[in-house]
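Engineer: Sharing a structure below in structure tokens format, with a few things to ask.
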Amino acid sequence: MGKRWANLAAEILSGVAGGLICLLGAADLAGAALLAPAPNPNLHLALDVTVMLTGLAAAAIAAQPVRRRVARLVPIDPDNPVHALALALTVILLGTDVAVIAFTDILATVQSQPSLTIADLFFDETPFLIFALIGVGLFIRRELPETVARLGLVVPAWWQIVVALAAAGAFFFFVQQVDAASHRLTPDLAHRVDAATNHVFGQLGWPAGTLAIALLPGLCEELLFRGALQPRIGLLPTALLFTSIHTQYALSLDTAAVLVIALGLGILRKYTNTTTSCTCHVSYNLLVGIGVAGAAANVAIVAELALVGVSAYVIWSRRRPAPRPVES
């Protein structure tokens, strides 16, 4: 009986949430100006239609036959009410973020807003942590130890820390190359992205701010995306959803770089644990915040090569088959 009511509640909540998003798009289309303005009427129409379709898709998830078909593509349990609601909210977040990035001048919107402070960062990132804990059923279906295990938080092995640090260095080098390519291929867009990014994080350049940028997103985002969501909706959908929340990069090569990093963090989570992906994310953010140049760059390159070498050996040694015993 309880399961039946839980399924009904999930279907109602999914349908209501999707319906509200659809109404949001319709009201904006009617002239209510509820969404961010688009550069021209055609893009504004595309924005509103996409938001409306997103709402309809989320509402459709409420139907169990639809969830059963979706379950063929992503690892969800179509009969689980928590999975149903999580999938509907994922569709809403992904669809609305993609619509805003694709059809509005998000860079101008970002620069019109105040720069982030540590308090802003805390209040922006804490909901990710709360959603992760509630989503896996803390104090509802699981006690704290079971919640920690479900989120993939464990004491990491030494080699997992090495792999995390090596991956963070590789991500940092990769993003530098993408940034250089962006300035060469799309210089105007690259300068706008730089200006928006500097505006957003401009007040966090001091040591406490750098530490906050490293820790808060690195922990809160990993617990939600890699810890809670990825085991339920899969690696690629989670990576796309993670990429979509980084709206400050608009449609640029930087966004593609975020997607690559999201996939890399997802692979770390899949083959190790969330603690390892957290370590990598925090380390990468710290490298970006501190910056590596001059003589320090040479030291960093040597350290990265050593980390990559140890990581490659550990991965190879763990994947090679165990030797067969010699028959007497």
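Engineer: State whether one or more residues within the stretch 135-153 are closer than 23 Å to ALA59 by Cβ and not assigned by TED's automatic domain parsing to the domain that holds PRO37.
Structural biologist: Checking the stretch 135-153: at least one residue is closer than 23 Å to ALA59 by Cβ and not assigned by TED's automatic domain parsing to the domain that holds PRO37.
Engineer: Quick test for you: out of VAL302, VAL314, VAL288, pick the one residue that is over 21 Å from VAL155 (Cα atoms) and either surrounded by 16 or more Cβ atoms within 10 Å (Cβ to Cβ) or modelled with pLDDT of 90 or more (or both).
Structural biologist: Details: VAL302 fails: either surrounded by 16 or more Cβ atoms within 10 Å (Cβ to Cβ) or modelled with pLDDT of 90 or more (or both); VAL314 fails: over 21 Å from VAL155 (Cα atoms).
None of the other options fit; the residue is VAL288.
Engineer: Please tell me if PHE123 is free of Cβ contacts under 8 Å to residues at least 60 places away in the same chain, among the aromatic types (Phe, Trp, Tyr) and in a helix (DSSP H, G or I). It would help to see each step written out before you state the result.
Structural biologist: Working: free of Cβ contacts under 8 Å to residues at least 60 places away in the same chain: yes; among the aromatic types (Phe, Trp, Tyr): yes; in a helix (DSSP H, G or I): yes.
Spelling it out, PHE123 is indeed free of Cβ contacts under 8 Å to residues at least 60 places away in the same chain, among the aromatic types (Phe, Trp, Tyr) and in a helix (DSSP H, G or I).
Engineer: Something else about it: Considering only residues that are more than 21 Å from the chain's Cα centre (by Cα) and of a type in the set (A, V, I, L, M), which ones fall in the stretch 174-191?
Structural biologist: Just the residues of the stretch 174-191 that are more than 21 Å from the chain's Cα centre (by Cα), to begin with: 177, 180-191.
Correct list: ALA180, ALA181, LEU185, LEU189, ALA190.
Engineer: So if I check each of ALA157, ALA170, which one is modelled with pLDDT under 95, in the same structural domain as GLY291 (by TED's automatic domain parsing), surrounded by 15 or more Cβ atoms within 10 Å (Cβ to Cβ) and of a type outside the set (Asp, Glu)?
Structural biologist: Values: ALA157 fails: surrounded by 15 or more Cβ atoms within 10 Å (Cβ to Cβ).
None of the other options fit; the residue is ALA170.
Engineer: Evaluate the stretch 219-239: report whether one residue or more is over 30 Å from ARG72 (Cβ atoms), of a type in the set (D, E, K, R) and in contact with an Asp or Glu (Cβ under 9 Å, 6 or more places away or on another chain). Show your work before the answer.
Structural biologist: Step one: of the stretch 219-239, the residues over 30 Å from ARG72 (Cβ atoms) are 219-220.
Subsequent filtering for residues that are of a type in the set (D, E, K, R) retains none.
No.
Engineer: In the stretch 55-72, how many residues are free of Cβ contacts under 8 Å to residues at least 40 places away in the same chain and within 19 Å of LEU236 (Cβ to Cβ)?
Structural biologist: Residues in the stretch 55-72 being free of Cβ contacts under 8 Å to residues at least 40 places away in the same chain and within 19 Å of LEU236 (Cβ to Cβ): 6 in total.
Engineer: Of the residues ILE134, ILE213, ILE106, ILE130, which single one is under 17 Å from the mean Cα position of the chain (by Cα) and surrounded by fewer than 20 Cβ atoms within 10 Å (Cβ to Cβ)? Can you show your working first?
Structural biologist: Values: ILE134 fails: under 17 Å from the mean Cα position of the chain (by Cα); ILE213 fails: surrounded by fewer than 20 Cβ atoms within 10 Å (Cβ to Cβ); ILE106 fails: under 17 Å from the mean Cα position of the chain (by Cα).
Just one listed residue meets the conditions, ILE130.
Engineer: From LEU85, LEU107, LEU138, grab the single residue that is closer than 23 Å to ILE12 by Cα and in contact (Cβ under 8 Å) with a residue 24 or more places away in the chain.
Structural biologist: Numbers: LEU107 fails: closer than 23 Å to ILE12 by Cα; LEU138 fails: in contact (Cβ under 8 Å) with a residue 24 or more places away in the chain.
Only one candidate passes the filter, namely LEU85.
Engineer: Of all the residues that make up the stretch 45-68, how many are surrounded by fewer than 19 Cβ atoms within 10 Å (Cβ to Cβ) and either outside the structural domain of LEU87 (by TED's automatic domain parsing) or farther than 20 Å from ALA88 by Cβ (or both)?
Structural biologist: Step one: list which residues in the stretch 45-68 are surrounded by fewer than 19 Cβ atoms within 10 Å (Cβ to Cβ), which gives 45-46, 49-50, 53, 56-57, 60, 63-66, 68.
Those still in the list that are either outside the structural domain of LEU87 (by TED's automatic domain parsing) or farther than 20 Å from ALA88 by Cβ (or both) too: 45-46.
Result for the stretch 45-68: 2.
Engineer: Go through the stretch 226-278 and report how many residues are within 30 Å of ALA195 (Cα to Cα) and part of a helix (DSSP H, G or I).
Structural biologist: Of the residues in the stretch 226-278, the ones within 30 Å of ALA195 (Cα to Cα) are 226, 236-266, 277-278.
Restricting the remaining residues to those that are part of a helix (DSSP H, G or I) gives 226, 236-244, 247-249, 253-266, 277-278.
Going through the stretch 226-278 one residue at a time, the tally reaches 29.
The values are calculated or read from the model by the stated rules, or taken from the named source; none is laboratory data. Everything numeric in this text was worked out from a predicted model, so none of it was measured. Cβ atoms come from the backbone with ideal geometry, glycine included; neighbour counts cover every protein chain shown.
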